[in-house]
Amino acid sequence: MIDESLEQFNKIAFEEDLINWYNTERRVLPWRMNQNPYRIWVSEIMLQQTRVDTVIPYFENFMKLFPTVEDLANANPQDVLKAWEGLGYYSRARNLQTAAKQVIDLYDGVIPAQPKLLSKLKGIGPYTKGAIMSIAYDKPEPAVDGNVMRVLARILNIDADIKQPKTRKIFEEIVREIISKTNPSAFNQGLMELGAIVCTPKQPMCLLCPVQSHCAAFAKGKVEELPVKSKAKKKKLEQHAVLLIFNDEGKILIEHRFKKGLLQNLWQYPMFETKKTELPELEEQFTNDYKIPVQITKKVGTLKHVFTHIIWELTVFTARTHVKQLPVEHMRFVEEDELAEFPFPVSHQNITKEHLHQE
Ligand code: SF4
């Protein structure tokens, strides 16, 4: 398939057109200031599943707080999560800090320039490895994500299903074939930039495209059909009750998500999965699960939050408790103005904004 796709393809002219366009039209972004591998690594992790506009202020703040890999390795993990608060996919932040510690312990604080060593670091998959190798270290390594697969599927008329994990390998092989050996950094970034601002998923701007003359999908009128992408699995729906529980001093109860899994190490209002809606039944379930007696006063709202594989439907209640001593270590009462010190997931930040004062 690769040989067929590349048969008519003029690699040299494509490389030239792509890199010329990238060098003149690329957006000014804070991580493009230099080739510092730490900055490039952090930016690539932040950019996974997240838009550039959203990432910019997070990236700048992160670099102020943790300007070097050493600063990140030595930081308080709660401060790292706080700096990531709202960006989502929090395992990225936890892995980044673990990997920063690995860089200090294993490689004397130097981010390795060898693909094998780089891929041993926590959270560095084939894409991030390729991005760091090419952008920071000028090595002709493929950096293939969904964007790059879309662009190349169109340019080379490749109909492999890009939702299948094995398809990435096909595109990696192609990039190894066509990547610029003299400027792999601009080549890979050019492909990424093209996917971000010209060859977009919907309504690509073919008429303004710098590589239109190389594009098989454009020539054959197949732009709308490519890439082939099988339908995503249906997301699992989970219904949870969230309790805003105040004690006799007016403090509010929060809980640390210490268990492994989704949103690990973030804080939240106590929350439990349930389909029940009657207040006495909810009180009973909460008291059984948490060993804290509460009186639920009323329902104050509902909220939906969509993750990659799960949808949370949250029903928020206010409640009171008279307990003085909490039976578990991962929960605590805090003043409302202390809430901002704890990293919360977006859904619970929204609860603070919308429902905390509806008692
Ligand atoms: Fe994408 Fe259109 Fe350019 Fe082809 S011509 S690479 S489909 S924007």
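Things worth noting here:
- Candidates ILE310, TYR38, ILE170 compared by Cα position along the dipole of the chain: farthest toward the positive end lies ILE170, with charges placed on Cβ.
- Residue of MET205, MET149, MET192 that the Gaussian network model of the chain assigns the largest fluctuation, springs spanning Cα pairs under 10 Å: MET205
- For segment 44-136, the share of accessible area belonging to carbon and sulfur comes to 51 percent (1.4 Å probe, ligands and nucleic acids excluded).
- Carbon plus sulfur fraction of accessible area for segment 236-355, probe 1.4 Å, in percent: 49 percent
- Under 25 Å from the Cα of LYS229 - lysines, other chains or at least 8 residues apart: LYS129, LYS163, LYS166, LYS169, LYS202, LYS220
- When you filter the trypsin sites (Lys or Arg not before Pro) in segment 174-220 for DSSP loop state and at most 11 other Cβ atoms inside 10 Å of their Cβ, you are left with LYS181, LYS202.
- Over the chain, accessible surface divided per residue gives 51 Å², non-protein components excluded, 1.4 Å probe.
- Here the contact order of the chain, divided by its residue count and restricted to Cα pairs under 8 Å and six or more residues apart, works out to 16 percent.
- Considering only the chain, percent of DSSP beta bridges that pair antiparallel, nearest 5: 60 percent
- Cα gyration tensor, segment 236-355 - rounded (a/c under 1.5), prolate or oblate: rounded
- For segment 236-355, share of DSSP beta bridges that run antiparallel, in % to the nearest 5: 65 percent
- Net charge dipole size for segment 236-355 [Lys, Arg +1 and Asp, Glu -1 on Cβ; Debye, nearest 20]: 340 debye
- Proximity of backbone amide H atoms, modeled 1.01 Å from N, is registered between THR200 and MET205 at under 5 Å, excluding neighbours fewer than 5 places apart on the same chain.
The values are calculated or read from the model by the stated rules, or taken from the named source; none is laboratory data. Just so it is clear, the model here is predicted, and its values are computed rather than measured. Heads up, the Cβs are rebuilt from the backbone with ideal geometry, glycines too, and the neighbour counts pull from every protein chain shown. Remember, those area values only see protein heavy atoms, side chains included, never the ligands or the DNA or RNA. Shrake-Rupley method; radii C 1.70, N 1.55, O 1.52, S 1.80 Å.
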